[in-house]
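Read the structure below first, then the notes.
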Amino acid sequence: MSTSRIDARFAALKAEGRAGFVAYVMAGDPDYATGLAILKGLPGAGADLIEVGFPFSDPMAEGPPIQRAALRALGEGMTLSKTLEMIAEFRQGDQTTPIILMGYANPLVSRGFEAFAREAAAAGVDGLIVVDIPPEEAGPLADALDAAQVSLIRLATPTTDDERMTVVVRRTSGFVYYVSVAGVTGVKEADAAVVAPHVTRVRKASGLPVAVGFGIKTPERAAAIARVADAVVVGSALVDEVALAAELNEDVTSRVLSKVESLSKAVRSARVGQTTTV
Amino acid sequence: MSARPNDYAAYPDANGRFGMFGGQYVPETLMPLVHDLTAAWGAAKTDPAFKAELDGYLKHYVGRPSPLYFAERLTKHFGGAKIYLKREELNHTGSHKINNCMGQILLAMRMGKTRIIAETGAGQHGVAAATVCARFGLPCIVYMGAVDVERQKPNVFRMNLLGAEVRPVTSGSATLKDAMNEALRDWVTNVEDTYYLIGTAAGMHPYPEMVRDFQAVIGREVREQIMEAEGRLPDAIMACIGGGSNAIGIFHPFLADEGVKLIGVEAAGEGMDTERHAAAINGGRPGVLHGNMTYLLQDTEGQITEAHSISAGLDYPGIGPEHSWLHDVGRATYLTATDLESLDAYKLCAELEGILPAIESAHALARVGDVARDVGKDGIVVLNLSGRGDKDVATVAAHLGMRI
Ligand SMILES: Cc1ncc(COP(=O)(O)O)c(C=O)c1O
């Protein structure tokens, strides 16, 4: 059952007494072959979980880096079904790293929720985050995902008060994604001291591990968040490496993976010597 | 086709739905804000003090009621039903957009918001938003596609004169949908103080309902005015469709009068047999964009495709959810008009009636002859002349191969 890949990974992280590192990449950025090579290299570079963005033409909650990544991928003909193909190829060599798909509603609506959920499960997808499907609209999607045993991962945000938190964590499994800043991806910076009490709040309401993302770009900040959260998500800083490598005529895969290495190293060592556990 | 409801006024339902259309597909960060807005609107719409305040500004500042004018020469030209024009172009700022802006700015102030953002296509909504912000002393930021900034320069200048900051949007196709994306990104970033003043009856609940209710003043006036002029209701009511606010505003008070045909006209751009059009209902299928489920221009993978229209105000790949529903239940009919047909209608209206219509409104005018002949000599057709065409003279000149 696919949910267990996420549960198993968080259980292992807990046993190790450290936070996980979650790498976000845009499927097919800058092209299918390179995107697949990056995906295959992520676990070795230190990614404990992987978020795979599926591109959408109108990503209303993304800042410029991920907007551009989506356009690059779409320009190369990336689609939802090719994203699933890519994940299936990845799964042939990796049975343990959880894969979370992340994107917007319309490609899923267009495919049909049931068909999508079946195909995603078959490809080896463990969880799904849909930015523009809040709990109020999630019923039909949650039903389809339940039937296919794919986790629906929810977003909690700085605007989520305690009352709303109970709505947000309904029908969620795997983990909860705490959006550390009010804003789009890759613009504002997350402050660990501000984030910490919210992580506690989300954990209490959901009984699930909490991953923190949006606004984490450097190893230093990743380490600071790793001291207060169960996992740290970095996205914009990684997709920016894709753009930069292309600009500098460098190898995209090695540039992205070396960034992942430096970030994951910071996350792995963040709690060394720290006496209290979270 | 879905079953027709017994009571159109009962929609949207408690979930913000018109049948399967509408809803609140927004990022979690915005959900509490959208709920706050729904509650504030719910309280305001039943508050007599709010209505009195709005009515006062509509009368003395906007200049309502707008006339219902018998277009004698257009009528004669087509040789069919009597054609009446609802003169929304005579409102302050030159279009129907101010009706909605006045309502929403009063609501924003009731909610204690201190910063206003808006998106605009033709610039008419941007101008109307900038106008009410100037009137009430609130800062205004207008997102506008870079392509539209170029083709609607006079309106950009007007907004600047009114004290608004116009931010050109270069992402995506750099037109109205991208301006809306950028406005949503601003809102999600400035959650404390900012009010998003959406310019059409689209987006997430409660906007489609709220904008409709603010624009329904058009239809309510038409009802009274046509009873006075003709002693009966019209046979058909027509309006152009961008997001659908001027259309739903004039349609809504007539939904229960099944004898009144409701006809929207979408922009067919270079033709419905090409991919360069902006007709969401005639050329799209249901999907989710900008917070609601509605008809959308999209490819087989669910990627939104670019709309194309000579009219910046109709250049949008979606349509308000209530129209999608009225189409599905068969209560309203949606026709199309091409760029060239609309240009011809623009000139015809200027020459025969001495009125330069907005190029948006000219899309409805392009089909009024067909409808008037269809309805026949003893019939009555009312057309919503949603805006004035001064802003379009450069575009029209360019298409005529002239420089001004
Ligand atoms: C004069 C005029 N009419 C119509 C429209 C289209 O908008 P809607 O369909 O919301 O009325 C616009 C939009 O800019 C406009 O300026």
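Give me the dipole magnitude in Debye, nearest 20, for region A:4-269 about the Cα centre, with unit charges on the beta carbon: positive for Lys and Arg, negative for Asp and Glu.
Dipole of region A:4-269, to the nearest 20 debye: 720 debye.
How shielded is B:280-293 by partner chains, expressed as the average number of their Cβ atoms within 10 Å of its Cβ atoms?
3
Can you figure out the FRET efficiency of B:Leu340 with A:Glu16, using R₀ = 51 Å and their beta-carbon distance, to the nearest 0.05?
Working from the Cβ atoms, E equals 0.15.
Rank B:Met109, B:Val222, A:Leu13 by how far each Cα sits towards the positive end of the charge dipole of the protein assembly as shown (+1 on Lys, Arg Cβ; -1 on Asp, Glu Cβ) and give me just the farthest.
B:Met109
Can you compute the modelled spin-label distance between B:Asp193 and B:Phe70, with each label point 7 Å from Cα toward Cβ, in nm?
5.5 nm
Could you give each residue of region A:178-192 its phi-based ³J(HN,Hα) in whole Hz, using Karplus coefficients 6.51, -1.76, 1.60 with θ = phi - 60°, and x for Gly or Pro?
Result, rounded to whole Hz: 8, 7, 6, 9, 7, x, 8, 5, x, 10, 6, 10, 7, 10, 4.
Going by the alpha-carbon gyration tensor, a ≥ b ≥ c the square roots of its eigenvalues, is chain A rounded (a/c under 1.5) or, if a/c is not under 1.5, prolate (a/b greater than b/c) versus oblate?
rounded
Projected onto the charge dipole of region A:1-74 (+1 at Lys/Arg Cβ, -1 at Asp/Glu Cβ, origin at the Cα centre), which of A:Ala70, A:Ala47, A:Ala37 gives the Cα projection farthest towards the positive end?
A:Ala47
Hey, with R₀ at 22 Å, roughly what FRET efficiency would A:Asp94 and A:Ala37 work out to, going by the Cβ-Cβ distance, to 0.05?
Computed FRET efficiency for A:Asp94 and A:Ala37 comes out at 0.95.
Before rounding to the nearest 500, sum -39500 (n - 2.57) across all DSSP H runs of length at least 4 in chain B and divide by the residue total; then give [θ] at 222 nm in deg cm²/dmol.
So the calculated ellipticity at 222 nm is -12500 deg cm²/dmol.
Please label the shape of the protein assembly as shown as rounded, prolate or oblate, based on the square roots a ≥ b ≥ c of the eigenvalues of the alpha-carbon gyration tensor (a/c under 1.5 means rounded; beyond that, a/b larger than b/c means prolate, else oblate).
prolate
How shielded is A:180-193 by partner chains, expressed as the average number of their Cβ atoms within 10 Å of its Cβ atoms?
2
For region A:4-269, how many pairs of lysine residues have a Cα-Cα distance under 24 Å, where the two are 8 or more positions apart or belong to different chains?
Taking region A:4-269 as the scope, the lysine pair count is 12.
Given the -39500 (n - 2.57) contribution per DSSP H run of 4+ residues, what per-residue ellipticity at 222 nm results for chain A, rounded to the nearest 500 deg cm²/dmol?
After summing the helix terms and dividing by residue count, I get -16000 deg cm²/dmol.
Ranking request for peptides B:318-331, B:219-232: highest mean number of other beta-carbon atoms within 10 Å first, then the rest in descending order.
Highest-to-lowest ranking by the protection proxy: B:318-331, B:219-232.
Relative contact order (percent) for chain A, with alpha-carbon contacts under 8 angstrom and 6 or more residues of separation?
The normalised contact order for chain A reaches 23 percent.
With the cut-off at 1.5 for a/c, could you classify region B:250-358 from its C-alpha gyration tensor as rounded, prolate or oblate?
Cα axes put region B:250-358 in the oblate bin.
Calculate the spin-label point distance for B:Asp47 paired with B:Asp7, positioning each point 7 Å from the Cα along the beta-carbon direction, and give it in nanometres.
2.5 nm
Using the Cα centre of region A:187-278 as origin and beta-carbon charges of +1 (Lys, Arg) and -1 (Asp, Glu), tell me which of A:Phe214, A:Ser264, A:Ala229 is placed farthest towards the positive end of the dipole.
A:Ala229
For a protection proxy built on the mean count of beta-carbon atoms within 10 angstrom, sort B:66-72, B:29-35, B:148-154 highest first, please.
B:29-35, B:148-154, B:66-72
Which value, in debye to the nearest 20, gives the size of the charge dipole of region A:1-79 about its Cα centre, when Lys and Arg are +1 and Asp and Glu are -1 at the Cβ?
260 debye
Suppose each label sits 7 Å from its Cα in the direction of the beta carbon; what would the A:Ser269-B:Phe157 distance come out to in nanometres?
Using points 7 Å along Cα→Cβ, the separation is 6.2 nm.
Would you be so kind as to list the residues of region B:1-43 that have their accessible area lowered by at least 10 Å² in the full protein complex compared with their chain by itself (1.4 Å probe)?
Output list: B:Arg17, B:Gln24, B:Tyr25, B:Val26, B:Pro27, B:Glu28, B:Thr29, B:Met31, B:Pro32, B:His35.
The values are calculated or read from the model by the stated rules, or taken from the named source; none is laboratory data. All values derive from a computational prediction rather than experimental measurement. Glycine also receives a Cβ, built like all others from the backbone with ideal geometry; neighbour counts cover every protein chain displayed. To get the accessible areas, we keep the full protein, side chains included, count just its heavy atoms, and leave off ligands, DNA and RNA. Shrake-Rupley method; radii C 1.70, N 1.55, O 1.52, S 1.80 Å.
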